[in-house]
Amino acid sequence: MELSFRRVLKNDENMINEIYKIITLSGQDMFEKQGLVHWKTPYPIESIKADCENREVFLIKDLQSDLYVHTFQLEFEPKTMNNKIKGYVSFASINKFATLPVVSGKGIGKKSMDFIEDYCREKEVSKITLDVYDKSEKAIKFYKNRGFSITSSKPTKHFSIYIMEKIL
């Protein structure tokens, strides 16, 4: 599968609608197949627009089928001094990592993680973090297989999330 990665800007209406569709269908699929409720309520389009302004939001297209199949967001923390590592380090957080359910399991997530890691290395990022719903066994296994480890957890209003990280 040949994929194209494109950053989405706040006024890319068609692409924002595609992101909304992927996140909504992914949330419905997780609820129906795994009983996971954390994305049951659709993520609002206005929030996606705000994310496009404040984060780096990507939409991934399968060039063979000409379908948008995946999305994710990257948020970069400003460089800070870290006494344990000589020099400065910066951190990136992955958010809204979602695949269109009809193409789930076809390697899109793996290729997206490869893209994210390469992109972060180019930006001299030393650590990538993400939050994952503690009941998302498939997602946790996926991230662990990609070298992420659980570093902490925190409760939300209705469930708990794990904080996972990977040092690059």
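The values are calculated or read from the model by the stated rules, or taken from the named source; none is laboratory data. Here the structure is a predicted model, which means the values were calculated and not measured. Positions of Cβ are generated from backbone atoms using ideal geometry, with glycine treated the same way; all protein chains shown enter the neighbour counts.
Select from region 141-168 the residues that are crowded, with 17+ Cβ neighbours inside 10 Å and either touching a Phe, Trp or Tyr at 6+ places or on another chain (Cβ under 7 Å) or of a type in the set (D, E, K, R) (or both) and write down the one among them that is modelled with the lowest pLDDT.
Ile161
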*Pairs under 9 Å by beta carbon, first residue within 20 Å of Ile108 (Cβ to Cβ) and in contact (Cβ under 8 Å) with a residue 40 or more places away in the chain in region 119-145, partner among the charged types (D, E, K, R) and outside any strand (DSSP E or B), six or more apart or different chains?*
Ile128/Glu117
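Only one of Glu53, Glu2, Glu46 is in contact (Cβ under 8 Å) with a residue 24 or more places away in the chain, farther than 20 Å from Ala92 by Cα, acidic (Asp, Glu) and surrounded by fewer than 16 Cβ atoms within 10 Å (Cβ to Cβ); which? Can you show your working first?
Values: Glu53 fails: farther than 20 Å from Ala92 by Cα; Glu46 fails: in contact (Cβ under 8 Å) with a residue 24 or more places away in the chain.
Testing whether each residue is in contact (Cβ under 8 Å) with a residue 24 or more places away in the chain, farther than 20 Å from Ala92 by Cα, acidic (Asp, Glu) and surrounded by fewer than 16 Cβ atoms within 10 Å (Cβ to Cβ) leaves just Glu2.
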